[in-house]
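The structure is given below, and queries will be raised subsequently.
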Protein chains: 2
Amino acid sequence: MSGRVIIAGLGPGADNLVTPEVSAALAQATDVVGYIPYVARVSPRPGLTLHPSDNRVELDRARHALEMAHAGRTVVVVSSGDPGVFAMASAVFEAVEAGPPEWRALDIRVLPGITAMLAAAARAGAPLGHDFCAINLSDNLKPWALIERRLRLAAEADFAMAFYNPRSKSRPEGFARTLTVLKEACGDTRPVIFARAVSTPQEEIRVVLLPDTTPEMADMRTVVIVGSSTTRLIARSGAPIVYTPRSVPA
Amino acid sequence: MSGRVIIAGLGPGADNLVTPEVSAALAQATDVVGYIPYVARVSPRPGLTLHPSDNRVELDRARHALEMAHAGRTVVVVSSGDPGVFAMASAVFEAVEAGPPEWRALDIRVLPGITAMLAAAARAGAPLGHDFCAINLSDNLKPWALIERRLRLAAEADFAMAFYNPRSKSRPEGFARTLTVLKEACGDTRPVIFARAVSTPQEEIRVVLLPDTTPEMADMRTVVIVGSSTTRLIARSGAPIVYTPRSVPA
């Protein structure tokens, strides 16, 4: 008997941003694995075993899920946001590739979710309405030089940019460097959106111009969006609307 | 009395990828506006007026929605996918910025949805599991030279890439040029995913290596994802898994 692994995105936090597809998968699961705060979003019920684990043990967690599926369980691996964007789907496939051949025969499915940058963009207006890129600013798993190179090329390409994992307590300096690079490479009129804990009770959205940004405006619960050269602010009472027009004149 | 405009993402096609937030907004709407096939996804009911309109009239549609909201209606503007990604949110804000001052006082909200590239990525594995960019290949609203420049810089930055609107009947040559640029700028081992009509009964997912791609593999219902230099294929019986590892070695 062979089970399944379903890698499911819970969205950024609010229950009404969880797709019915993901809710149905959770209702059929025998086991849920994931980072502690994400597993805490799944309601306990008879027949379901929750396996919360700490941060930075993604490969162990992935192997555990695959082992349980191989033993016949229906395992849901939960991620916040979308599991394919800087989240658990890649970790599971890394484990599959390095693991025993029988893991390749398992039924493994990825269920998309609302990723943080799109929830954040929706709150601010439509800053990602034209071409954009998404960069994970954590240098745990890649060299800082590559991040800096991508930042400079993204600025040259005039992409709007979304940054995940901008700043942690253990490596606060990367985001400071990011802002320094952007202040050099981009104009002074770019709006920057700091969106923290979007769709949760702790949500905070802040819009500032690039020259006025400081590193401590972000933490690990923040997604940061930097406009392109064409991104506009619409002033009104309350927070301005930030959007990138669909057109770029010739 | 002032109404509201809610710009809502219906996801790529399947009903179980529509968020509960969007379903609730549709249940409260007095009017729904959008491109004909997207409005066709909304169930008629007493008290709801559907306003389907043709493609390429996004600004007229946006103004119509804003006028109705100003007259007190609760208007939902529907997009497929996410409304903030190459869709109606930017068009509505363009209309707001150019329109009468009273439109800025309206309650306008964007509700995110599952955008096509993330649904497509989930079907193939996790090709967008590391840094990536999203480019609209239509040159209706921007010069081809800018598209080509972005393609070359994205290749230099070694982003995975997702392409929207790759190819239409009226301008079939752009995607052919895109493939020519990529074949020049990227290695021969990049996997390319052609994901057509994801999550609908017409869904087709095809994975080929970059040198084997041809322009007619895409149409306007296709989203195309090109791996980065680190993207991997896991062979197995059936379709291979395509994923981009989380790490880049120093």
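Identify, from the list B:57, B:32, B:5, the residue that is of a type in the set (Val, Ile, Thr), over 24 Å from residue A:21 (Cβ atoms) and surrounded by 22 or more Cβ atoms within 10 Å (Cβ to Cβ).
Of the residues listed, the single one that is of a type in the set (Val, Ile, Thr), over 24 Å from residue A:21 (Cβ atoms) and surrounded by 22 or more Cβ atoms within 10 Å (Cβ to Cβ) is B:5.
Let me confirm something: among A:70, A:64, A:130, which residue is assigned by TED's automatic domain parsing to the domain that holds residue A:172 and at negative phi?
The match here is A:130.
Another question, then. For residue A:228, are the conditions met, namely being of a type in the set (Gly, Ala, Ser) and at the interface with chain B (Cβ under 8 Å from one of its Cβ atoms)?
no
Sticking with this structure for a sec: Report yes if residue B:141 is of a type outside the set (Ser, Thr, Tyr), within 20 Å of the chain's Cα centre (by Cα) and under 27 Å from residue A:129 (Cβ atoms), otherwise no.
yes
Additional query: Within the range B:14-58, which residues are in a helix (DSSP H, G or I), under 28 Å from residue A:14 (Cβ atoms) and among the hydrophobic types (A, V, I, L, M, F, W, C)?
Result: B:17, B:22, B:24, B:25, B:26, B:27, B:39.
Go through the range B:82-104 and count every residue that is crowded, with 24+ Cβ neighbours inside 10 Å and among the aromatic types (Phe, Trp, Tyr).
Matching residues across the range B:82-104 total 2.
List the residue pairs whose Cβ atoms are under 9 Å apart, where the first residue sits in the range A:133-147 and is at positive phi, the second is part of a loop (DSSP other than H, G, I, E, B) and surrounded by fewer than 20 Cβ atoms within 10 Å (Cβ to Cβ), and the two are 6 or more positions apart or on different chains.
That search, which allows pairs on different chains as well, returns nothing.
Name the single residue, out of those in the range B:175-208 being in a strand (DSSP E or B) and either more than 21 Å from the chain's Cα centre (by Cα) or of a type in the set (Lys, Arg) (or both), that is nearest to residue B:222 (Cα to Cα).
Taking the candidates together, the pick is B:196.
Out of the residues in the range B:104-127 meeting the condition of being among the basic types (Lys, Arg) and assigned by TED's automatic domain parsing to the domain that holds residue B:76, tell me which one is nearest to residue A:166 (Cα to Cα).
Looking at the filtered set, the residue picked out is B:109.
Being under 27 Å from residue B:144 (Cβ atoms) and among the hydrophobic types (A, V, I, L, M, F, W, C) is the filter here; which residues of the range A:195-250 pass it?
Result: A:225, A:226, A:248, A:250.
Could we say that residue A:250 is loosely packed, with under 14 Cβ neighbours inside 10 Å and either part of a loop (DSSP other than H, G, I, E, B) or among the hydrophobic types (A, V, I, L, M, F, W, C) (or both) here?
yes
Condition first: out of contact with any Pro (no Cβ under 8 Å at 6 or more places or on another chain) and touching a residue at least 12 places away in the same chain (Cβ under 8 Å). Now tell me which residues in the range A:175-196 satisfy that.
A:177, A:181, A:182, A:185, A:186, A:187, A:189, A:190, A:192, A:194, A:195, A:196
Further, regarding this structure: Just to check your reading of the model, which residue among B:52, B:46, B:37, B:20 is more than 23 Å from the chain's Cα centre (by Cα) and either outside the structural domain of residue B:136 (by TED's automatic domain parsing) or surrounded by fewer than 22 Cβ atoms within 10 Å (Cβ to Cβ) (or both)?
B:46
Can you name every residue in the range B:209-236 that is part of a strand (DSSP E or B) and aliphatic (A, V, I, L, M)?
B:209, B:223, B:224, B:225, B:226, B:233, B:234
Please count how many residues of the range B:105-122 are surrounded by fewer than 24 Cβ atoms within 10 Å (Cβ to Cβ) and touching a Ser or Thr at 6+ places or on another chain (Cβ under 8 Å).
Here the count works out to 3.
Find the strands (runs of 3 or more DSSP E) located wholly in the range B:73-174 whose residues include 1 or more that are within 10 Å of another protein chain (Cβ to nearest Cβ), and list them.
Qualifying strands (runs of 3 or more DSSP E): B:107-111, B:132-136, B:160-164.
Would you mind stating whether residue A:85 is under 30 Å from residue A:67 (Cβ atoms), in contact with a helix residue (DSSP H, G or I) (Cβ under 6 Å, 6 or more places away or on another chain) and among the hydrophobic types (A, V, I, L, M, F, W, C)?
no
The values are calculated or read from the model by the stated rules, or taken from the named source; none is laboratory data. For clarity, every value in this text was computed on a predicted model and none was experimentally measured. Reconstructed Cβ throughout: ideal geometry from the backbone, glycine too, with neighbour counts over all protein chains shown.
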